[in-house]
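Colleague: What follows is a structure written as C-alpha cells; I'll ask about it next.
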Amino acid sequence: MTSTDPVPLPDYAGEAPGHGVERVDVVVVGAGLAGLTAARALTARGLAVVVAEASDRVGGRTKAREVEGSLVDLGGTFVGPTQDRIIALADELGLDRFATFDAGSNVISWRGAIKHYRGTIPPIGPIGLADIGRIQFEIDRLGRGIDTAHPERSPHAAKWDSHSLTSWLRSIHALPSSHTLMSIVSGTTWGCEPGEISFLQVLRYIAMAGGISRMLDTAGGAQEEHFRQGSWQVSARMAAELGDRVRLATPVTAVDWTDDGAVVTAGPARFRAARVVLAVPPALRARIAFSPALPTPYSALTQRWPQGILSKAYAVYEQPFWRDAGLSGQALADTGPVTITFDASPHDGSRGILLGFIGGDHARHWDALPPAERRIQALSSFAEVFGEKALTPLGFTDQLWAAEAWTGGGPTAAPAVGTVVSTAPYLREPVGPLHWAGTETAEAWTGFMDGAVRSGERAAREILRALRPFAEVAP
Ligand SMILES: Cc1cc2nc3c(=O)[nH]c(=O)nc-3n(C[C@H](O)[C@H](O)[C@H](O)COP(=O)(O)OP(=O)(O)OC[C@H]3O[C@@H](n4cnc5c(N)ncnc54)[C@H](O)[C@@H]3O)c2cc1C
C-alpha cells in the first residue's frame, strides 16, 4: 500500500454493514473554523470526509449580516500580528484585510466624566494608572512562566488555579479602579465577570496572545485589522470547496466508538468512520451521547468549561461622524451596557458603523430585555461617548451569542476557579478514534479565530499520522 491509497476501514463490532450507514474515513463534528479547516486539510490528503453541522449555516462563532447595505461581523472580527494561521488561510481563500480605524482620540466614560485621550493608556489619574501599570506588568511577568500548552505543569499552577482574577487582584491590593478596568477586560475577553474565571486560565490565555498589550491593542495588537468581505467568508469559502461533504442541519447526537472507529448518529443520518474530529466548544460536547461514556476527566471538561456570555450591538450611520470631531470611534465605559466600542466602518468610510461589546453580567441583563429596549440602551451607550447623533442611526442590529442554540455563549469558554489543573491535560488528548478541535483546544491564540484554525490543522495532522503512517505530515 502506498501512502496515498485509501485507508481500509475496520469492521466495527456490533454494527452490521450497510443499512443506511454512510462509510467515510473521518466525520468532523461542527462546521466552524476549526472543523472546516480540519476537513479541508484531510480532504486535500485524499481522505473521505463528512462534516456534520448542527445549525443551518456554517461559520459557528463567525456570522455575517447586512444592515442598510453594509456588512457586519456578528462574531469573530479582528485579526492581528502573530495570528499567522487565520491570516494565511484567509489569504489563500482570497480575502482582503484592512486596518481598523485608529486615528484620533479615544473616549472614556469614567466615574461620571467623559475624557478624550490618545494611545492605549486611559486618563484615570496618576495613582490609578500606576496601579493598572503594575498589574499589567505582573500579569505579563507571571504569564511568561506559564506552560501554555500544559498549564497544569506550570510553576504554582495549583495556586493560580485556586484564584479567580478578582481574588488575585484582591491579594495584591489592587485599587477599585483596577478592579473596574479588569472587569471590562474580562467581560469582553472571556464573557464573564473576573470572579468567575480561573486566574491560571487568565495567565495562560494572555500569555498565548503574547501579553496584555498584544491582546488588547488595535495597532500592533489583536484588533489591528479586519476582513473587507467579513470573517464569515473564511468558513463560507472553505465550505464551498468542500461541497456536499458539508451537511447542514445535521446535529450529532450520539457517537458509538471502539478503539478502531466510530459510528456517528446525526439526526436520521449515520456515518461509520475510522476517526472523528469533535470541533465543538467543550460545553457543547455534553449534548452528544458517547458510548462508551468518555473517561471521567473528559466529561469534567464538558461541565467545567462553560461558555462565557458576550453580545454585540452595531449601529450604522450615514457617515462616521465621530471622525469629524477627531475621534477614533474607540471608547471605554465603566457604565454599560456597552463597555467597549470600535469603529467598524467599511474600508472606504462610505458609512459609519459603531460596534459595541456587551459582556458578562451586562450581557446577562441586556440579553433579557425586549429588542426595542436593547436598542435604546445600546444607542444610549454610544451617545454617552460620541454625542446625541449616535441616537439616530440608519440601522441597528444586535447578536446574542448565548441565544445561539449550537454555540451557547461566547466568545470562548471561561473555566472556573480550581478547574484548569485537573482538566487541561485532556483538552486535546485523543480518546481512541476521537480527536478534539476548536479554539478552546488551541496551543496558541486560544479563544480567537487563529486558535480555531490552528486546532483544526493539529487535529488533521493527528489523523493523518494515524491513518497515513507512511505519509509525510508537517510537524
Ligand atoms: C461576539 C464575539 C466576538 C469575537 N471576536 C473575535 C475577534 O475579533 N477575533 C477573533 O479572532 N476571535 C473572535 N471571537 C472568537 C472566534 O469567533 C472563535 O474563537 C472562533 O470562531 C471559534 O471557532 P471554532 O471552530 O473553534 O468553534 P465554533 O465557531 O463554535 O464552531 C463549532 C461549530 O459546531 C457546531 N456544533 C455544535 N454542536 C454540534 C453538534 N452536536 N453537532 C454538529 N455540529 C455542532 C456549531 O453550530 C458550530 O458551527 C469572537 C467570538 C464572539 C462570539
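Colleague: Measure off, as a whole percent, the carbon and sulfur share of the 1.4 Å-probe accessible area of the chain, all protein chains present.
Modeller: On the way: 9800 of 18100 Å².
Looking at the chain in its full context, I get 54 percent from C and S.
Colleague: At q = 0.11, 0.12, 0.23 Å⁻¹, what base-10 log of I(q)/I(0) does the Debye formula yield for the range 125-216 when every alpha carbon is treated as an equal point scatterer in vacuo?
Modeller: These q points yield log10 I(q)/I(0) values of -0.27, -0.32, -1.25.
Colleague: With a probe of 1.4 Å, find how much accessible area the range 150-194 has per residue, and write the answer as a whole number in Å². Walk me through the numbers on the way to the answer.
Modeller: Working: 1740 Å² over 45 residues.
With all protein chains present, the range 150-194 gives 39 Å² per residue.
Colleague: Can you give the helix-only mean residue ellipticity at 222 nm for the chain, where every DSSP H stretch with n ≥ 4 adds -39500 (n - 2.57) and the sum goes over all residues, rounded to the nearest 500 deg cm²/dmol? Before the final figure, lay out each step's value.
Modeller: Numbers: 15 runs with 153 residues, N = 475.
It lands at -9500 deg cm²/dmol.
Colleague: Can I ask one more? What residues have an amide H closer than 5 Å to that of residue 327, excluding those fewer than 5 places away on the same chain, when H is modeled at 1.01 Å from N in the peptide plane?
Modeller: 105
Colleague: Along the principal axes of its C-alpha atoms, what lengths does the range 319-441 span, in descending order and rounded to whole Å?
Modeller: Answer, in whole Å and largest first: 58, 33, 25 Å.
Colleague: Okay, next question. For the range 24-102, which chymotrypsin sites (Phe, Trp or Tyr not before Pro) pass both filters: DSSP loop (anything but H, G, I, E, B) and at most 15 other C-beta atoms within 10 Å? Don't skip to the end; give the middle numbers.
Modeller: Values: sites: 78, 98, 101; in loops: 101.
The qualifying sites: there are none.
Colleague: Order these peptides, 357-369, 226-238, by their mean beta-carbon neighbour count within 10 angstrom, highest first.
Modeller: Working: 357-369: 20.8, 226-238: 22.7.
Top of the packing list down: 226-238, 357-369.
Colleague: Given labels modelled 7 Å from the Cα in the Cβ direction, how far is it in nm from residue 319 to residue 150?
Modeller: So the label points at residue 319 and residue 150 sit 5.9 nm apart.
Colleague: Follow-up. Provide the per residue accessible area, probe 1.4 Å, for the range 413-455, rounded to a whole number of square angstrom. List each step's numbers first, then the result.
Modeller: Values: 910 Å² over 43 residues.
Result: 21 Å² per residue.
Colleague: Here is a further query. Taking the simple approach of a point 7 Å from Cα along Cα-to-Cβ for both residue 66 and residue 405, what is their distance in nm?
Modeller: 2.6
Colleague: Below 8 Å, C-alpha to C-alpha, sequence gap of six or more: please give me the relative contact order for the range 404-455 in percent. Intermediate results must be reported in sequence, preceding the final value.
Modeller: Working: 51 pairs, mean separation 13.0, N = 52.
RCO, the range 404-455: 25 percent.
Colleague: Name the long-range amide H neighbours of residue 352: under 5 Å, sequence gap of 5 or more, or other chain; modelled H, no Pro or chain starts.
Modeller: When sequence neighbours closer than 5 places are left aside, the close amide H contacts are 317, 318, 319.
Colleague: Using 0.36 nm times the number of residues separating residue 361 and residue 92, minus their current alpha carbon distance, what extension gain do you get?
Modeller: Working: separation 269, 0.36 × 269 = 96.84 nm, distance 3.89 nm.
In short, 92.9 nm is gained.
Colleague: Give me the number: length gained by fully extending residue 130 to residue 392, i.e. 0.36 nm times residue separation minus the C-alpha to C-alpha distance, one decimal in nm. Please list the in-between numbers first.
Modeller: Values: separation 262, 0.36 × 262 = 94.32 nm, distance 3.87 nm.
So the chain would gain 90.5 nm between residue 130 and residue 392.
Colleague: Let me test this: with uniform point scatterers at the alpha carbons of the chain, what is the Debye-based log₁₀ I(q)/I(0) at q = 0.08, 0.09, 0.12 1/Å?
Modeller: These q points yield log10 I(q)/I(0) values of -0.47, -0.60, -1.03.
Colleague: Angle between the Cα long axis of helix 449-467 and the longest principal axis of the chain, 0 to 90 degrees, nearest 10?
Modeller: Taking Cα atoms only, the helix is inclined about 10 degrees.
Colleague: Could you tell me the center-to-center distance, by alpha carbons, between the range 47-98 and the range 390-431 in angstrom?
Modeller: Here the two parts' Cα centres lie 16 Å apart.
Colleague: I would also like to ask the following. Say each of residue 443 and residue 219 gets a label point 7 Å from the Cα, pointing the same way as Cα to Cβ; how far apart are those two points in nm?
Modeller: 3.4
Colleague: Among 106, 239, 125, whose Cα lies farthest out toward the positive end of the dipole of the chain, if unit charges sit on the beta carbon of Lys, Arg (+1) and Asp, Glu (-1)?
Modeller: The residue sitting most towards the positive pole is 125.
Colleague: What FRET efficiency comes out for residue 347 versus residue 141 if R0 is 51 angstrom and r is the Cβ-Cβ distance? Round to the nearest 0.05.
Modeller: Once the sixth-power term is evaluated, E becomes 0.85.
Colleague: Could you list the GluC sites (Glu not before Pro) in the range 166-268 that lie in coil according to DSSP, counting only those with at most 15 other Cβ atoms within 10 Å of their Cβ?
Modeller: On the way: sites: 196, 224, 225, 241; in loops: 196, 224.
Answer in residue order: no site qualifies.
Colleague: Go ahead and run the numbers for FRET between residue 22 and residue 56, Cβ-Cβ distance against an R0 of 22 Å, rounding to 0.05.
Modeller: Efficiency, from the Cβ-Cβ distance: 0.60.
Colleague: Based on the Cβ-Cβ distance from residue 429 to residue 270, what FRET efficiency comes out when R0 is 35 Å, to the nearest 0.05? Don't skip to the end; give the middle numbers.
Modeller: Details: r = 27 Å, r/R0 = 0.76.
So, using R0 = 35 Å, E works out to roughly 0.85.
Colleague: In debye, nearest 20, what is the charge dipole magnitude of the chain about its Cα centre with +1 on Lys and Arg Cβ and -1 on Asp and Glu Cβ, if you could check? Walk me through the intermediate numbers first.
Modeller: Details: 43 positive and 50 negative charges, 87 e Å.
The calculation lands at about 420 debye.
Colleague: In the range 193-213, which residues have a backbone nitrogen under 19 Å from the label point lying 7 Å from residue 170's Cα in the Cα-to-Cβ direction?
Modeller: Under 19 Å, as judged by backbone N against the label point of residue 170, lie 193-203 of the range 193-213.
The values are calculated or read from the model by the stated rules, or taken from the named source; none is laboratory data. These numbers come from a predicted model, not from an experiment. Cβ coordinates were reconstructed from backbone atoms using ideal geometry, including for glycine residues, and neighbour counts include every protein chain displayed. Surface areas here come from the heavy atoms of the whole protein model, side chains and all, with no ligands, DNA or RNA. Shrake-Rupley method; radii C 1.70, N 1.55, O 1.52, S 1.80 Å.
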